[in-house]
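Peer 1: First the structure, then my questions, so here it is.
The values are calculated or read from the model by the stated rules, or taken from the named source; none is laboratory data. In this text the structure is predicted, and so the values were computed from the model without any measurement. Using ideal geometry, Cβ is built from the backbone for each residue, glycine included, and neighbour counts are taken over all protein chains shown. What goes into the accessible areas is simple: the full protein's heavy atoms, side chains included, and nothing from ligands, DNA or RNA. Shrake-Rupley method; radii C 1.70, N 1.55, O 1.52, S 1.80 Å.
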Amino acid sequence: FMDKNTFTFYRRLIKTGLKQSFALKGAFFCRMIFMIFNNLMMLLAWGLMFKKFNTINGWNFNHFVFMTGLAVSSFSIWPLFFRGTGIYLARMIENGDLDAYLLQPRKVLPHIACSVSDPSGFGDLLTGIILLSYSGFVTFDTILIVLFCFVCATICFLAINICVSSLPFYINKTSEIGERIFYMFFSISNYPGCIYSGYMKLLFCTIFPVGIIS
């Protein structure tokens, strides 16, 4: 378990990263607003489809809103607090920049992960909260289940990200590829489960999740 001093160190590291992202206020608000706009545009496209068909294999628009809200809110934890993983970590591995962290007493992975923050995560988090509230599925009776799903989804996103950002340890010049693989997984999580069937459902709803958990 993490002792008090270690917890304080990582908390201050995250705080410093957030302050850095706030430093350029114009860029901060632009990235946040454009991220919200990006999320809502995707929602609009699916909204038009559900308006035409009402339900798709048992899913209605509120189901999709809830799923999108859960996906983007859990995704937001990565850029907000652990953006040091992903392409930043992959490039450090490629360029041999891990030495500075290896010589320090703190654990390498959490130190790197907590050292960078991306303001676009605020846009995802705000969008997620709004969508979850609008969906109608978050009530006093379901709040604990929703929080449990949020934690599980967050851990899965972080796990995938760490796995793909570690590719340069094994294959040279794969920093860009790793982040694209991660976003591919995130894109899959933004589609209703009802559109998958047969082998595709087995792959995306069973094999991948079990592999990530393992």
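Peer 1: Kindly check whether there is at least one residue in region 33-51 that is over 19 Å from ASN190 (Cβ atoms), touching a Gly at 6+ places or on another chain (Cβ under 9 Å) and in a helix (DSSP H, G or I). Spell out the reasoning first.
Peer 2: Step one: of region 33-51, the residues over 19 Å from ASN190 (Cβ atoms) are 33.
Filter once more, so that each one left must be touching a Gly at 6+ places or on another chain (Cβ under 9 Å): 33.
Still in the list and also in a helix (DSSP H, G or I): 33.
Looking through region 33-51, at least one residue is over 19 Å from ASN190 (Cβ atoms), touching a Gly at 6+ places or on another chain (Cβ under 9 Å) and in a helix (DSSP H, G or I).
Peer 1: Here's another thing I want to ask about it. Any residue that is free of Cβ contacts under 8 Å to residues at least 40 places away in the same chain, surrounded by fewer than 16 Cβ atoms within 10 Å (Cβ to Cβ) and either of a type in the set (Asp, Glu) or not in a loop (DSSP other than H, G, I, E, B) (or both) - is there at least one of those in region 58-81?
Peer 2: Narrowing region 58-81 to residues free of Cβ contacts under 8 Å to residues at least 40 places away in the same chain: 60-61.
Then drop every residue that is not surrounded by fewer than 16 Cβ atoms within 10 Å (Cβ to Cβ), which leaves 60.
Add one more test, that the residue is either of a type in the set (Asp, Glu) or not in a loop (DSSP other than H, G, I, E, B) (or both), and what stays is none.
No, the conditions are met nowhere in region 58-81.
Peer 1: Now, a different point. Quick one: would you say PHE150 is in contact with a Leu (Cβ under 7 Å, 6 or more places away or on another chain), open to solvent by 50 Å² or more (accessible area, probe 1.4 Å) and either touching a residue at least 40 places away in the same chain (Cβ under 8 Å) or among the charged types (D, E, K, R) (or both)?
Peer 2: Answer is yes for this residue.
Peer 1: For region 112-169, give me each residue that is hydroxyl-bearing (Ser, Thr, Tyr), outside any helix (DSSP H, G or I) and within 19 Å of the chain's Cα centre (by Cα). Give the steps one after another, and end with the answer.
Peer 2: Going through region 112-169, the residues hydroxyl-bearing (Ser, Thr, Tyr) turn out to be 115, 117, 120, 127, 133-135, 139, 142, 154, 165-166.
Restricting the remaining residues to those that are outside any helix (DSSP H, G or I) gives 115, 117, 139, 142, 166.
Residues satisfying the conditions are SER115, SER117, SER166.
Peer 1: Kindly evaluate LEU48 against the criterion of being open to solvent by 50 Å² or more (accessible area, probe 1.4 Å) and within 15 Å of ILE130 (Cβ to Cβ).
Peer 2: no
Peer 1: Further question on the same structure: Going by the conditions given, is TYR199 out of contact with any Pro (no Cβ under 8 Å at 6 or more places or on another chain), open to solvent by 70 Å² or more (accessible area, probe 1.4 Å), under 21 Å from MET32 (Cα atoms) and at pLDDT below 90?
Peer 2: Spelling it out, it is not the case that TYR199 is out of contact with any Pro (no Cβ under 8 Å at 6 or more places or on another chain), open to solvent by 70 Å² or more (accessible area, probe 1.4 Å), under 21 Å from MET32 (Cα atoms) and at pLDDT below 90.
Peer 1: While we're on this one: Which of the residues that make up region 170-192 are assigned to a helix (DSSP H, G or I) and either free of Cβ contacts under 8 Å to residues at least 40 places away in the same chain or surrounded by fewer than 12 Cβ atoms within 10 Å (Cβ to Cβ) (or both)?
Peer 2: From region 170-192, those assigned to a helix (DSSP H, G or I) are 175-188; that's our starting set.
Of everything in region 170-192, those that are assigned to a helix (DSSP H, G or I) and either free of Cβ contacts under 8 Å to residues at least 40 places away in the same chain or surrounded by fewer than 12 Cβ atoms within 10 Å (Cβ to Cβ) (or both) turn out to be GLU176, ILE177, ARG180, ILE181, TYR183, MET184, PHE185, SER187, ILE188.
Peer 1: Show the residue pairs that are 6+ apart or on different chains and have beta-carbon atoms under 6 Å apart, the first residue being within region 90-114 and under 14 Å from PHE9 (Cα atoms), the second being in a loop (DSSP other than H, G, I, E, B) and open to solvent by less than 70 Å² (accessible area, probe 1.4 Å).
Peer 2: Listed pairs, sorted by first residue: ILE112/GLY84; ALA113/PHE82; ALA113/GLY84; ALA113/THR85.
Peer 1: Still on this structure, I have one more. Here are the criteria: (1) under 23 Å from PHE28 (Cβ atoms); (2) surrounded by fewer than 14 Cβ atoms within 10 Å (Cβ to Cβ). Tell me which single one GLY96 does not satisfy.
Peer 2: Only one criterion is unmet by GLY96, namely (1).
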